[in-house]
Amino acid sequence: MTGFAADYAGASVTASPNHGERVDGRSPDMILLHYTGMGTADQALTWLCTAESQVSSHYFVYEDGRVLQLVPEARRAWHAGKGVWDGENDINSCSIGIEIANAGHPGGLPDFPEAQVRAVAQLCRDCGERWSIAPERVLAHSDVAPVRKVDPGENFPWQKLYLDGVGHWIEPAPITGGRFFQLGDAGQPVEALQAMLALYGYGIEVTGEFCERTKGVVEAFQRHFRPARVDGTADSSTIETLHRLLGALPKFNRS
Ligand SMILES: [Zn+2]
């Protein structure tokens, strides 16, 4: 495919060859945000558009807010890899992937410029409206692939996006002392924590054992929703934030 018409009016097209059919003719009902994690935007863009990389995304957002579309939304772009959310494990078939140019953890977590954040928000609103995507299904790559992936990182301004009408978010509960759970702990409170994380959508088994996977999922949760401390320890602020977030989910508040 050499060219196609952009699905989003604000994008210019730079086609990537890396895509296939959405399995079972699925329509996207999730938006997944990534950072590129490379030194420069153009390095990342070249990689996403090279057949040998076998990776791509639907959209690419430069630091200055310019938006490129690499893959038509109707096609399955290869951005998520192995992951799971709310029981769904073919994330690429059900999502729209957006790569945000940012050097990420390897580059010392540089800030996301205002123009870029506004451009991401506008793009997400447009996709969300056209495909009727629920706010709580605008997610981080790290949410669907905990441990394996950490992007777009704890420095990504989810709150700004939320205030701009994108995603599900709630003010995190303040970090205080009190009871906490960590690697090696076991019992009913750990089971309750795992059940809440699974209910939100995270890929976690309810075993009552605070294992490495549980720590990784708690870190993913913190990265998105309680970024002030990302340590994989389920402190009272983490648990309270998760509790409030679940309570505010539109799907549990429909009358
Ligand atoms: Zn990613």
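The values are calculated or read from the model by the stated rules, or taken from the named source; none is laboratory data. Quick caveat: nothing in here was measured; it's all calculated off a predicted structure. Note that we place each Cβ from the backbone using ideal geometry, even for glycine, and neighbour counts take in every protein chain shown.
Within region 28-57, the set of residues being crowded, with 21+ Cβ neighbours inside 10 Å and more than 16 Å from the ligand (Cβ to nearest atom) comprises Pro28 only. Checked against the criteria, Phe60 counts as within 16 Å of the ligand (Cβ to nearest atom) and either in the same structural domain as Pro152 (by TED's automatic domain parsing) or more than 18 Å from the chain's Cα centre (by Cα) (or both). Hey, any hits in region 5-25 for a residue that's outside any loop (DSSP other than H, G, I, E, B), aromatic (Phe, Trp, Tyr) and on the phi < 0 side of the Ramachandran plot? Within region 5-25, not a single residue is outside any loop (DSSP other than H, G, I, E, B), aromatic (Phe, Trp, Tyr) and on the phi < 0 side of the Ramachandran plot.
I need a count of the residues in region 84-125 that are in a helix (DSSP H, G or I) and either farther than 18 Å from Leu68 by Cα or not assigned by TED's automatic domain parsing to the domain that holds Ala140 (or both). Summing the residues that are in a helix (DSSP H, G or I) and either farther than 18 Å from Leu68 by Cα or not assigned by TED's automatic domain parsing to the domain that holds Ala140 (or both) in region 84-125 gives 7. Considering region 168-208 alone, what residues qualify as being buried (at least 16 other Cβ atoms within 10 Å of the Cβ), under 20 Å from the mean Cα position of the chain (by Cα), in the same structural domain as Asp231 (by TED's automatic domain parsing) and not polar (S, T, N, Q)? Met196, Leu197, Ala198, Tyr200, Gly201, Tyr202, Gly203, Ile204, listed by residue number.
The requirement of being touching a His at 6+ places or on another chain (Cβ under 6 Å), at pLDDT 95 or above and under 18 Å from Ala15 (Cα atoms) is not satisfied by Arg66. Suppose the filter is surrounded by fewer than 16 Cβ atoms within 10 Å (Cβ to Cβ), part of a loop (DSSP other than H, G, I, E, B) and touching a residue at least 12 places away in the same chain (Cβ under 8 Å); does Gly153 pass it? Considered against the rule, which asks whether it is surrounded by fewer than 16 Cβ atoms within 10 Å (Cβ to Cβ), part of a loop (DSSP other than H, G, I, E, B) and touching a residue at least 12 places away in the same chain (Cβ under 8 Å), Gly153 comes out as no. If I filter region 61-74 for residues that are closer than 17 Å to Pro113 by Cβ, out of contact with any Phe, Trp or Tyr (no Cβ under 6 Å at 6 or more places or on another chain) and among the small types (Gly, Ala, Ser), do I get at least one hit? There is at least one residue in region 61-74 that is closer than 17 Å to Pro113 by Cβ, out of contact with any Phe, Trp or Tyr (no Cβ under 6 Å at 6 or more places or on another chain) and among the small types (Gly, Ala, Ser).
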